[in-house]
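Visitor: Structure incoming, see below.
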Amino acid sequence: MIFIASLIPALLLGGGGMALLMIGVLTKRDSFTFCSLAAVALLVLACFASAVAPDGVIFGGLLKTSLFTRFADMLVYLGAAMALILSLDYNRRENIARFEYPILVLFAVLGMIVMVSAADLMTLYVGFELQSLALYITAAIARDSLRSTEAGLKYFVLGALASGLLIYGISLVYGFAGTTNFAALGHILVGGAGYGTVIGVVFILVGLAFKISAAPFHMWTPDVYEGAPTPVTALFGTAPKAAAMALFLSVMIGPFGHMLAQWQAIIEILAGISMALGALAAIGQTNIKRLMAYSSIGHMGYALMGLAAGTEAGLQATLIYLALYVVMSFGTFACIIAMRRQGQAVETISDLAGLAGQRPGFALALAIFMWAMAGIPPLSGFFGKFYVFAAALNAGLVPLVIVGVVTSIIGAFYYLRVIKVMYFDAGAPDFDVTSAGVRFVMSLGVVVTALFVLLPGPLVRVAGAAARALMG
């Protein structure tokens, strides 16, 4: 019974994706809208199925389900569903309304939940590749656009390099430890790890750092964020980030938890460099999608602070931060998609001039997301940073906390610059009316981001329980 119940979400996504593929191929009418709405429905059903899935290990120890995997799965489903809703009107306007897009998203999500539920390094790699192959294609889905095809190619080349490093690390761990199973590795490494295993773990770290775009393995992020269609960028900034960070936590705390002394310093360095680069490199950006790319690098650095702490409180803080970031991110990208004048998308920050006088609701929504990204109270972003800073401070990572505080202050400059342009610069022609789907995603993001302060308890408790489930 546990076997079937645990597989229902994957069966829904995989079977539903193949069914939609057949429908799209065989039907003679335009099926993009139908396939997109059906994909959203499948994600909702998979979400409910994951919520009631029992804890357990299936396939002889290859996959596992727990409160931690269910928490991460929910974030993946939420991010993917919001990205699909944002694509409904945008893809039609840009003449990229192909039925294959929502199907690719479904298969990418399938790879993500396999990653999150992996209990073996080989299962991890299968999910990693399934996700990556689908995302490479979505980045280049606008095949008539030079920017989109360039983004897809860059993502593919650098992603292939990261996959190679990951599988090399897995092979080293297997060669020196004799197994790829998480539980078995945990038992073997209790007594210490040899140099070969440590080197293998470092290569695995590099491969996973690429997926969350942590510096210095971030080189793909600005170009792919800018070149890919904006709904695809919204997808990259939400679901894959949540899945990859959850996988990061699962791998480092699970099989390699006893090697904390060996990998903690590496995570601290990744977190510090990511926060610094995200804060400094974004200052000179004029394209808002590139700005969000560097912002995401910085935010992943903050999230890594919880992992660097290596404690249950640190894991809880990272999960809270991740959940709040996903909501802030899809809300911000909804605002970016709404940046259209005379039927044309605009992406530069200067194009937001005078928005507050023309569209006060739109300007207020974007201002809320910018304030939250900067970590200004009482918005949700402040609480996310508060939890990770507190966890790192309690773990004795004072220098890392200082870096986090300083980079938060620096980063506030470019977030507040966006608000300054909207409210104080001279206006340009009015923006086009946004679609209902974009308004829905934007409104949902605003409500959660602005009102989280009134009801933080449920997320904090669930994240704490998920962290305890991961720690065992």
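Visitor: Determine, at each q value in 0.16, 0.17, 0.20 (inverse angstroms), the log₁₀ of I(q)/I(0) that the Debye formula gives when each Cα of region 1-148 is one equal point scatterer.
Guide: Result of the Debye calculation: -0.83, -0.92, -1.19.
Visitor: Okay, moving on. Counting other beta carbons within 10 Å of each residue's own, what order do THR221, THR348, THR197 fall into, fewest first?
Guide: Numbers: THR221 27, THR348 16, THR197 23.
Taking fewest neighbouring Cβ atoms as first place, the list is THR348, THR197, THR221.
Visitor: Which trypsin sites (Lys or Arg not before Pro) does region 100-169 hold that lie in a coil by DSSP with at most 16 other beta carbons within 10 Å? Walk me through the numbers on the way to the answer.
Guide: Numbers: sites: ARG143, ARG147, LYS154; in loops: ARG143.
The qualifying sites are ARG143.
Visitor: Here's something else I'd like to know. Between VAL52 and ARG341, what length comes free when the chain is fully extended (0.36 nm per residue of separation minus the Cα-Cα distance, one decimal in nm)? Display every interim value, and only then the final one.
Guide: Numbers: separation 289, 0.36 × 289 = 104.04 nm, distance 4.49 nm.
Result: 99.6 nm gained on full extension.
Visitor: Excluding residues on the same chain fewer than 8 positions from LYS154, give the lysines whose Cα lies under 25 Å from its Cα.
Guide: Excluding near neighbours in sequence, the set is LYS211, LYS241, LYS289.
Visitor: What order, most packed first, do the peptides 10-23, 79-92 have when packing is the mean number of other Cβ atoms within 10 Å of each residue? Walk me through the numbers before you get to the answer.
Guide: On the way: 10-23: 17.3, 79-92: 24.6.
Result, highest mean Cβ count within 10 Å first: 79-92, 10-23.
Visitor: Multiply the residue separation of ASP30 and TYR168 by 0.36 nm, subtract the distance between their alpha-carbon atoms, and state the gained length in nm to one decimal. Spell out each step's value before the answer.
Guide: Details: separation 138, 0.36 × 138 = 49.68 nm, distance 4.36 nm.
Computed gain between ASP30 and TYR168 is 45.3 nm.
Visitor: Looking at the chain, do any whole DSSP H helices span at least 30 angstrom along their long axis by alpha carbon and average 1.0 or above on Kyte-Doolittle, and which? Show your work: numbers first, answer last.
Guide: Values: long enough: 2-26 (36 Å, 2.26); 67-93 (40 Å, 0.73); 146-177 (46 Å, 1.12); 260-281 (31 Å, 1.50); 288-309 (32 Å, 0.74); 312-337 (38 Å, 1.60); 398-424 (38 Å, 1.78).
Helix filter hits for the chain: 2-26, 146-177, 260-281, 312-337, 398-424.
Values in this text are rule-based calculations from the coordinates and carry no lab data. No experiment lies behind these values; they were computed from the predicted model shown. Here Cβ is always computed from backbone atoms with ideal geometry, including for glycine, and neighbour counts include all displayed protein chains.
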